[in-house]
Every structure is written in C-alpha cells, then in structure tokens.
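Chemist: Once you've had a glance at the structure underneath, I'll fire off some questions.
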Amino acid sequence: MSKFEPRSADHVLDLVKRYPLACLVSMGAEGSQTSMVPLLALTGPSGTIDGFLGHLPLSSPHVSRLKSDPQALVLFQGPDAYISPHLVSKPHWGPTWNFTLAGFDVAVSFHVEETDHALRALTAHMERDHEHPWTVEQMGARYRELAAHVIAFRAEIKGQNIRFKHGQDETPAVFDEIIAGLNTHPLAEWMVRTVRGRD
C-alpha cells in the first residue's frame, strides 16, 4: 500500500460529496473526449463507492462516444497547494505540491428513465446546506423542457487510483510548519484529517 493512499474509505466518499464536479475522460480511435460533469456517489452495503450517477447533454459528442465504447476515466480533485520552502525551517528542504486526487476506471451505461431522478438528486445534494433549498418545481414547465435534452448515466467502477499527497512523508515538525503556513487553506484541514486522523 502506498503511503499516499487514503487510510479510510470515508475520506474518498467525502471527497466526492464535497467536490462533485468530475472530469470524465474517454479514449477512442478519434482521440480523447473530455466532459466536466457533477457526479453523485453510489454506495454499497459497506458504505464504499460502487459507482456514480450523472447526466450529460444529449447534444454532447461524448454520449455517442460512450455508447459505442463505455470505458472511461473519472477524476475528482480536492484541495491542492504549492508548498514553498519558505514555510519550513529545515535546511535544504525542497518545494513540493500537495494534492487530493481520486481516479476511477469506469464503465458507463445510459438510463433515460433515470434522468428525472438524477437531476432531482443532484439538485438536492447541492442545495442541502441552504435554509430553503431550491427545487426543480420552481422552474415550472421549463424543467421538463430542459430535462428532455439530457440523459442520465451510471458509471460502474472497474478500478481506482487514489492519491492523497498530504505530507505523509514529512517529519512531524515539518508537517506542523506546513499546516501553520497554510493557515486557513482548505488543504490544511484535509492534511490534518487524513494524516493525523483528526476530523
């Protein structure tokens, strides 16, 4: 196991929940195709991620590409930051970059009958922290008009490559200096949580 692999599946699930906009990439004879899509995690009985639920515009060339070849890569990126030697008092320490990245090899299947559910579920997820969450009903008839132009898909996970480079290779003293230097940067919270185990 790499020292940069997350120690808890909960950290990966939290990454997807807090940073749902993913990069969906597929390859083919015509080259690569890339789409930025918000995705919702689909979890199994153990709470680990089994797949993702999303949607694409029917007009997107990615739809026909994925229908002919469903294999794709999904990338989620969380907080990252350049770590300057100015933050560290250790002599000869070199700069680095800490980051939060989860990559999944997936097989995509389209489900037009799930489009309404996918749109409502995503809206509910994104509006969850609002005192008065917005709902699709507020669009009136226009919701159905727009929903007719998208299609839901599921992405089943076939493999994964997850790297949380959060200072696991630093001494405790250097780690503390980096955290202090990052101050309120979101990466600091993730580093402390995933390395020190403090939520």
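The values are calculated or read from the model by the stated rules, or taken from the named source; none is laboratory data. In this text, all values refer to a predicted model and were calculated from it rather than measured experimentally. Counting neighbours? That spans all protein chains shown, and the Cβs are built from the backbone with ideal geometry, glycine included.
Chemist: For a quick check of your reading of the model, give me the residue pairs whose first member lies in segment 168-184 and is under 16 Å from Phe4 (Cβ atoms), whose second is among the polar types (S, T, N, Q), with beta-carbon atoms closer than 8 Å and at least 6 apart or on different chains.
Modeler: Ile178/Asn98
Chemist: State whether one or more residues within segment 71-83 are free of Cβ contacts under 8 Å to residues at least 12 places away in the same chain and on the phi < 0 side of the Ramachandran plot. Give the steps one after another, and end with the answer.
Modeler: The first filter runs over segment 71-83 and keeps only residues free of Cβ contacts under 8 Å to residues at least 12 places away in the same chain, leaving none.
Among the residues of segment 71-83, not one is free of Cβ contacts under 8 Å to residues at least 12 places away in the same chain and on the phi < 0 side of the Ramachandran plot, which makes the answer no.
Chemist: For a quick check of your reading of the model, give me the residue pairs whose first member lies in segment 33-56 and is touching a residue at least 24 places away in the same chain (Cβ under 8 Å) and within 19 Å of Thr115 (Cβ to Cβ), whose second is loosely packed, with under 14 Cβ neighbours inside 10 Å and among the hydrophobic types (A, V, I, L, M, F, W, C), with beta-carbon atoms closer than 7 Å and at least 6 apart or on different chains.
Modeler: Listed pairs, sorted by first residue: Pro38/Leu21.
Chemist: Looking only at segment 114-139, which residues are free of Cβ contacts under 8 Å to residues at least 12 places away in the same chain, out of contact with any Leu (no Cβ under 9 Å at 6 or more places or on another chain) and part of a helix (DSSP H, G or I)? Outline the logic, then answer.
Modeler: Taking segment 114-139 and keeping what is free of Cβ contacts under 8 Å to residues at least 12 places away in the same chain, we get 124, 127-134, 137-139.
Narrowing the set further to residues that are out of contact with any Leu (no Cβ under 9 Å at 6 or more places or on another chain) leaves 124, 127-134, 137-138.
The answer is Ala124, Glu137, Gln138.
Chemist: Another question, then. Mind checking whether some residue in segment 75-85 is at pLDDT 95 or above and farther than 27 Å from Val16 by Cβ?
Modeler: Step one: list which residues in segment 75-85 are at pLDDT 95 or above, which gives 75-85.
Restricting the remaining residues to those that are farther than 27 Å from Val16 by Cβ gives 84-85.
Within segment 75-85, one or more residues are at pLDDT 95 or above and farther than 27 Å from Val16 by Cβ.
Chemist: Do the conditions hold for Ile162, that is, is it closer than 25 Å to His185 by Cβ and modelled with pLDDT of 95 or more? Can you show your working first?
Modeler: Values: closer than 25 Å to His185 by Cβ: yes; modelled with pLDDT of 95 or more: yes.
When the stated conditions are applied, Ile162 passes them.
Chemist: Also, I was wondering about something else. Has segment 92-103 got at least one residue that is surrounded by 15 or more Cβ atoms within 10 Å (Cβ to Cβ), within 18 Å of the chain's Cα centre (by Cα) and without any contact (Cβ under 8 Å) to a residue 40 or more places away in the chain?
Modeler: no
Chemist: Being modelled with pLDDT of 95 or more and surrounded by fewer than 17 Cβ atoms within 10 Å (Cβ to Cβ) is true for just one of Ala148, Ala155. Which residue is that?
Modeler: Working: Ala155 fails: surrounded by fewer than 17 Cβ atoms within 10 Å (Cβ to Cβ).
Result of the check over Ala148, Ala155: Ala148.
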